[in-house]
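This report refers to the structure that appears directly beneath it.
The values are calculated or read from the model by the stated rules, or taken from the named source; none is laboratory data. Every value quoted in this text rests on a predicted model; they were computed, and no experiment measured them. Here the Cβ is made from the backbone with ideal geometry for all residues, glycine too, and neighbour counts use every protein chain on show. With ligands, DNA and RNA removed, areas are computed over all heavy atoms of the protein, side chains included. Shrake-Rupley method; radii C 1.70, N 1.55, O 1.52, S 1.80 Å.
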Amino acid sequence: MLAMNFRGPFRVRADRNRPMPEIKHPQDAIVRVTRSCICGSDLHLYHGLVPDTRVGMTFGHEFTGVVVETGSAVTNLKTGDHVMVPFNIACGMCPFCKQQLYGNCHESNPEATAVGGIFGYSHTAGGYDGGQAEYVRVPYANVGPTIIPQGMDLDDAVLLTDVVPTGYQAAEMGGIQQGDTVVVFGAGPVGIMAAKCAWLFGAGRVIVIDHIDYRLEFVRQYAQCEAYNFKEMDDPVVFLKKTTGWLGADVCIDAVGCDAAGNAFQSLVGRKLPLTGGSATALHWAINSVKKGGIVSIVGVYGPLDALVPIGNVVNKGITIRANQASVKRLLPTLIDHVMSGRLNPKAIISHRIPLEEVAEGYHIFSAKRDNCIKPVLIPSSAYAA
Amino acid sequence: MENIAEPNKAIEADIDREIANRTKDIPGWGIDADIKNNPTYPMKHYNGADHERFNYEKPPQQPIDVEILHSIERPGVTRVFGTSTPPSGLSGMLRRYAFRYSESTYAHWVPLVVADRINVIEGIVDDLKHGHIPNIFAEKGWQAEWKYNRQGFIKNVAVTVAVTAVVATLLFRKKKSK
């Protein structure tokens, strides 16, 4: 079958000779992929920032597809069901899943205890091949995969597998109270969604900080918020203090993670060498821009090594830090309702629809931010099969 | 003589796992507990399942038919796991070494990062062994760069060629003067 094949940092190819996935466990399903996104966090893998990313792996954790085979213990799905597949692989039985922390499953990732299994996200997240392929193995198929509601656009459905829940949970973890000023660092797809969702929780003012002008322009329109380029400021922290009456924002959201620009030292030790868990510039700014007693919500992805953040300021300012991988399964009922009722329009952020055969170009366009790219979606030709 | 090799086992044997037994004599135990006073609320639907520790009912075990490295912070492999790209070659040896240490140590992560870099070279060798010459231009997606940033692409290539030429010339001169 055709699938993306990782060959090393900044090198991927479409490979026609990948083996078909097989049922390995009674609760597995095999899904024929109909849509698969390239996620901003795939770029961390693509850039070589996540340890134990092995050559030959297939990425892709945001996908929809049609069930073509089920294991003997799969009872919630049948062949022919068209499903959206949350990026978290969750057993539904461990203490964390039982408490709806589906992003923290303890029975899906042998290689690391700090993160649950994630499709196509290195061996640090379980060593599963992902959905940038014609077919994919979906473990614990009774738990994660959700049948796409009738009338829902496939392009909306695929974004409900990660980017929308992650943006929504970023706002949810902010504990936003009515009238709060919310600052979102990062105008990538997750930052855009976090800004949009902040209004749903009653934010009074939403500010997005980034350095890519076309994305700032997009988020200004899409999320009806303020958006500023930090390269046009002497110091974004001072700017944010000044614009929030010198006290700081009520809530700051880090929607960037380990690939952050804006600080030469962080970029050197976190991205170029890399000696730390990533460039933590956005998180650094978030901690320093939030008010005393404020909340910092982190959904940006970092590597497992230490990151350089001003932890002393967290203590002295009495900041609450809330962070997690999005618990997609928990949020889907709410988000499906928001999409079906028109409150959220995820597919508007899709800027590129690319054949799976051109996956290498897709990664480059997204990584280098060419052609005003915001969100690329890969479509295998087999998606059109009857 | 005190057993210093496994001190935790001796201590753990004395711990009463029953919360009711442990707390029955503590005045006011739990009086100020508030389920909402929890930084994970409302993300976590608290039901006390954490307190089952590792004794929860588990799904069936996926047959272990490929080499799976598992974190030493857990007693064994998880009930399902990915079977993509098992460890192999020199990078595989390094990965096996890394998994002797916990996720809390550099001895775990640094060898994995080094293994990833070695694995890239192994990937090229493997391609060649299978008669496939990797098309680096295509794999880096430079067709898109040519399409959307032609000027920048030409500039980058020109700079790279010029720098390489200067370095090569300097090295060649040095060798000649010897």
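Considering A:LYS196, A:LYS272, A:LYS241, the condition of being touching a Leu at 6+ places or on another chain (Cβ under 8 Å), open to solvent by 20 Å² or more (accessible area, probe 1.4 Å) and over 19 Å from A:VAL164 (Cβ atoms) is satisfied by A:LYS241 alone. For segment A:286-328, the candidate set comprises residues that are away from chain B (no Cβ under 12 Å) and basic (Lys, Arg); within that set, the residue that is most open to solvent (accessible area, probe 1.4 Å) is A:LYS292.
Are any of the residues in segment B:1-19 at pLDDT 90 or above, of a type in the set (Asp, Glu) and open to solvent by 30 Å² or more (accessible area, probe 1.4 Å)? No. Taking the numbered list (1) more than 7 Å from every other protein chain (Cβ to nearest Cβ); (2) in contact with a Leu (Cβ under 8 Å, 6 or more places away or on another chain); (3) not in a loop (DSSP other than H, G, I, E, B) in turn, B:ARG22 passes all entries but (2). For a quick check of your reading of the model, give me the residue pairs whose first member lies in segment A:65-88 and is more than 14 Å from chain B (Cβ to nearest Cβ), whose second is part of a loop (DSSP other than H, G, I, E, B) and among the hydroxyl-bearing types (Ser, Thr, Tyr), with beta-carbon atoms closer than 8 Å and at least 6 apart or on different chains. Close Cβ pairs (under 8 Å, with a partner that is part of a loop (DSSP other than H, G, I, E, B) and among the hydroxyl-bearing types (Ser, Thr, Tyr)) amount to A:VAL67/A:THR79; A:VAL68/A:THR79; A:GLU69/A:THR79; A:THR70/A:THR79; A:MET84/A:THR161; A:VAL85/A:THR161; A:PRO86/A:THR161.
Residues are listed down the side, and each one gets a yes or a no for (1) within 25 Å of the chain's Cα centre (by Cα); (2) surrounded by fewer than 20 Cβ atoms within 10 Å (Cβ to Cβ); (3) in contact (Cβ under 8 Å) with a residue 12 or more places away in the chain; (4) outside any loop (DSSP other than H, G, I, E, B):
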residue	(1), (2), (3), (4)
B:ILE35	no, yes, no, no
B:ASN38	no, yes, no, no
B:MET43	no, no, no, no
B:PRO59	yes, no, yes, no
B:VAL80	yes, no, yes, no
B:LEU90	yes, yes, yes, yes
B:ARG95	yes, no, yes, yes
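Among the residues of segment A:309-331, those identified as over 22 Å from the mean Cα position of the chain (by Cα), of a type outside the set (Val, Ile, Thr) and on the phi < 0 side of the Ramachandran plot are A:PRO310, A:GLY312, A:ASN313, A:ASN316, A:LYS317.
Does A:LYS98 fit the bill of being surrounded by fewer than 24 Cβ atoms within 10 Å (Cβ to Cβ), within 7 Å of another protein chain (Cβ to nearest Cβ) and more than 26 Å from B:PRO111 (Cβ to Cβ)? In short, yes. Quick one: would you say A:GLY65 is over 19 Å from B:VAL80 (Cβ atoms) and either among the small types (Gly, Ala, Ser) or modelled with pLDDT under 95 (or both)? Taking the combined requirement at face value, the residue does not satisfy it. A search for C-beta distances below 9 Å between a residue of segment B:135-153 that is closer than 16 Å to A:TYR46 by Cβ and any residue that is open to solvent by 80 Å² or more (accessible area, probe 1.4 Å) and hydroxyl-bearing (Ser, Thr, Tyr), counting only pairs 6+ apart in sequence or on different chains, returns nothing. Residues in segment A:110-149 that are crowded, with 24+ Cβ neighbours inside 10 Å, facing chain B (nearest Cβ under 7 Å) and in a loop (DSSP other than H, G, I, E, B): 7 in all. Number of residues in segment A:51-93 that are within 22 Å of the chain's Cα centre (by Cα) and farther than 21 Å from A:ALA3 by Cα equals 4.
Within segment A:10-42, the residues that satisfy the criterion of being facing chain B (nearest Cβ under 8 Å), of a type outside the set (A, V, I, L, M) and in contact with a helix residue (DSSP H, G or I) (Cβ under 7 Å, 6 or more places away or on another chain) are A:PHE10, A:ARG11, A:ARG13.
Conditions (1) under 19 Å from the mean Cα position of the chain (by Cα); (2) without any contact (Cβ under 8 Å) to a residue 12 or more places away in the chain; (3) on the phi > 0 side of the Ramachandran plot, marked per residue:
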| position | (1), (2), (3) |
| --- | --- |
| A:ILE209 | yes, no, no |
| A:MET233 | no, yes, no |
| A:GLY245 | no, yes, yes |
| A:LEU283 | yes, no, no |
| A:ALA286 | yes, no, no |
| A:SER289 | no, no, no |
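Checking the structure you have, find out if any residue of segment A:195-205 is farther than 24 Å from A:GLU62 by Cβ and touching a Pro at 6+ places or on another chain (Cβ under 9 Å). Checking segment A:195-205: not a single residue is farther than 24 Å from A:GLU62 by Cβ and touching a Pro at 6+ places or on another chain (Cβ under 9 Å). Within segment A:206-235, the set of residues being open to solvent by 20 Å² or more (accessible area, probe 1.4 Å) and of a type in the set (S, T, N, Q) comprises A:GLN221, A:GLN224. Counting the residues of segment A:365-386 that are farther than 25 Å from A:VAL66 by Cβ and either in a loop (DSSP other than H, G, I, E, B) or free of Cβ contacts under 8 Å to residues at least 60 places away in the same chain (or both) gives 8.
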